[in-house]
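See below for the structure under consideration.
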Amino acid sequence: VTEHLIHPQVERQCPFDPPDAYRERAKTSPISHVSVWDGSLAWLITRHEDVRTILRDPRFSSNADLPGMPYPSQAAAASADGENKAFIKTDDPEHARQRRMLTGEFRVGRVEAFRSEVKDIVATVINRMISDRHEADLVEDFALAIPSLVICVLLGVPYDDHDVFQRLSAEVMGKHADHKHRTVDDVRAAHQQLGEYLHALAERKSHEPGDDVLSRLIARHEVQGDITRDDVVSMARLLLIAGHETTANMIGLSVLALLRHPQQLKQLIEHPDRANAAVEELLRYLTVIQRGEERVATADVDFRGHKIKAGDGVICLLSTANRDPQVFEMPESLDLERDARRHVAFGYGVHQCLGQSLARLELEIALVELFRRVPTLELAVPFEELTFSSQSMVYGLHRLPVRW
Ligand code: HEM
C-alpha cells in the first residue's frame with residue numbers, strides 16, 4: 001500500500017515559501033495523489049501550466065454539491081454546501097449569469113474612481129494608528145482595518161456595524177480557530193448570523209437605497225426580478241468573505257516581507273510610481289490562498305499521462321504554480337523589478353478573482369502610504385516569534401508587532 005501525502009500540509013521551513021511537502025512534490029512529481037480529510041484521494045496539481053490548463057477547462061467543476069470535492073476539512077466542506085452556496089461554488093451558465101450582475105462594479109475604470117476614497121481610508125487608518133504612540137499590531141490596526149472599511153463602503157454597511165462584521169467574517173473564514181478544532185456547527189452558525197445580518201441590511205436598502213452595490217442588487221431583485229433575495233444576500237456575503245481576509249493578509253505579509261528585504265523596500269520607497277509592479281510580485285511571492293483551488297472532474301480526462309476519472313477531486317496549488325521555474329526566473333526570490341503578471345494568485349479561468357482591481361488598488365495605496373508616512377517602521381519582536389495562520393484557508397500573520 002502506498003502512503004499518500006495528506007492534504008493540507010502546513011510545515012514551512014521559511015514562512016514566505018509554500019509548505020515543504022508541496023515544494024518537494026512540485027520538484028519530483030508535479031501531478032500526484034493526496035488524501036483529504038475523509039480519507040478519499042484527490043489529485044494534487046503543482047505546476048503553472050497544468051494549473052492553468054485545469055482551471056480553464058469546463059470539465060473541471062466548482063459545483064459544491066458534487067461528491068468528490070476535495071475540501072481540506074469537514075468544516076470547510078460544511079461552509080460550502082446548501083443554502084450558503086454562492087456563485088464561486090457554481091458552474092456556468094448559472095455562475096456566469098450571476099457574475100455578470102457584478103462585473104460592472106469591479107471594472108478597472110470603476111475601481112479607479114474609488115482611488116481617492118481608498119486613499120482617505122488608508123490615511124484615516126494610519127492617523128489613528130500613529131497618533132500618540134510608537135507601537136502597534138500592524139495586523140489589527142492596519143491590515144484588517146483597510147479592506148474591512150473598503151468593503152463596508154462598497155456594500156453600504158454602516159460604520160457602527162463594522163465590529164460585528166469583522167467578527168462574523170473572521171469566524172466564517174476560520175482565522176481565529178484552526179480548522180481541525182472547529183465543528184461543522186460553528187461554521188454553520190457563523191454563516192447563518194452573517195446571513196441574517198445581511199438580510200436585515202438588504203431590507204433597509206430597499207427602503208433607503210444608497211450609492212452602493214447592495215442597494216443596486218436589491219433594486220434589481222425588485223425591478224427586474226432576475227435574482228432572488230437569497231442570491232443577493234449570498235453575493236454580498238461572498239464579496240465580504242472573498243475580499244476581506246485575503247486582502248488583509250496580503251497587506252500584513254507584504255509589510256513583513258518588505259521589512260525582511262530592505263533593498264526591495266528601498267526600491268518601493270524610491271519608486272512609488274512602480275508600485276503596481278511591486279504589488280504583482282508580492283502577490284506572486286506570497287500567494288495567500290494556501291490550500292489551492294478545489295475542483296471535481298465531470299468527465300474522464302487524460303492528463304499528461306494520468307487518467308483523471310469523472311468524480312475525482314483535483315487540487316490546483318496556486319503557491320507552487322507561482323514558484324514554477326519554467327515561468328519565473330529564480331522563483332524563490334522576491335524581486336520587485338520583475339514582470340510577475342503571469343502569476344495565478346487570483347486564480348485563472350472563469351472564476352478568476354472578480355475583485356482583483358480593487359485588491360490591487362488597496363495593496364498599492366496601503367503599502368506606499370504606510371512607508372511614506374512611517375518610514376522608520378520596524379519589527380517590535382524577533383522575526384522567529386511571529387506566528388502564522390497555517391491552518392486556515394488564507395495564509396497570513398496572527399499579529400505583526402511593529403514600532404517606529
Ligand atoms: C489580495 C486579495 C485577493 C486574493 C489573493 C483573491 C484571490 C481569489 C482567488 C484565487 C479566486 C478564485 C477562486 C476559485 O477559482 O475558486 C477569487 C475569486 C473571487 N474573488 Fe478574490 N481575491 C482577493 C481579493 C478580492 C476582493 C477585494 C474581492 C471583492 C471585494 C474579491 C472577490 C472575489 C469573488 C467575488 C470571487 C469569485 C469569482 C467567481 O467565482 O467568478 N476578491 N479570489
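The values are calculated or read from the model by the stated rules, or taken from the named source; none is laboratory data. Source: prediction; values computed, not measured. Cβ placement follows ideal geometry from the backbone for every residue including glycine, while neighbour counts extend to all protein chains displayed.
Here is how the numbers come out for the structure above:
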| item | result |
| --- | --- |
| Within region 104-159, considering residues that are of a type in the set (S, T, N, Q) and exposed (fewer than 12 other Cβ atoms within 10 Å of the Cβ), the one farthest from the ligand (Cβ to nearest atom) | Ser131 |
| Lone unmet requirement of (1) at pLDDT below 95; (2) touching a Lys or Arg at 6+ places or on another chain (Cβ under 8 Å); (3) charged (D, E, K, R); (4) in a helix (DSSP H, G or I) for Asp50 | (1) |
| Flag if Ala77 is modelled with pLDDT of 95 or more, closer than 30 Å to Arg188 by Cα and surrounded by fewer than 20 Cβ atoms within 10 Å (Cβ to Cβ) | no |
| Top-ranked residue of region 271-302 - restricted to ones that are buried (at least 17 other Cβ atoms within 10 Å of the Cβ) and assigned to a strand (DSSP E or B), ranked as farthest from the chain's Cα centre (by Cα) | Val301 |
| Residue check, Arg372 away from the ligand (no atom under 16 Å from the Cβ), closer than 26 Å to Val150 by Cα and not aliphatic (A, V, I, L, M) | yes |
| Yes/no for Glu332 being closer than 23 Å to Phe388 by Cβ, of a type outside the set (Ser, Thr, Tyr) and within 16 Å of the ligand (Cβ to nearest atom) | no |
| Hits in region 201-226 (condition: in a helix (DSSP H, G or I) and under 14 Å from Pro158 (Cα atoms)) | Leu201, Ala202, Glu203, Arg204, Lys205, Val213, Leu214, Ser215 |
| Subset of region 235-270 (residues that are of a type in the set (Gly, Ala, Ser) and either surrounded by fewer than 21 Cβ atoms within 10 Å (Cβ to Cβ) or near the ligand (Cβ under 9 Å from one of its atoms) (or both)) | Ala242, Gly243, Ala248, Ala257 |
| Residues of region 303-348 satisfying the condition of being assigned to a loop (DSSP other than H, G, I, E, B), touching a helix residue (DSSP H, G or I) at 6+ places or on another chain (Cβ under 9 Å) and within 15 Å of Ile31 (Cβ to Cβ) | Arg304, Leu317, Asp324, Gln326 |
| Cβ pairs under 9 Å, 6+ apart, first in region 344-366 and under 24 Å from Pro331 (Cβ atoms), second of a type in the set (Lys, Arg) and more than 6 Å from the ligand (Cβ to nearest atom) | Val344/Arg52; Val344/Arg284; Ala345/Arg284; Tyr348/Arg52; Tyr348/Arg56; Gly349/Arg52; Gly349/Arg56 |
| Selection count where residues are of a type in the set (Gly, Ala, Ser) and closer than 18 Å to Ala21 by Cα, scope region 31-71 | 3 |
| Contacts under 6 angstrom Cβ, first residue in region 286-308 being under 13 Å from Leu55 (Cβ atoms), partner near the ligand (Cβ under 10 Å from one of its atoms) and assigned to a strand (DSSP E or B), 6 or more apart | Gly292/Cys316; Glu293/Cys316 |
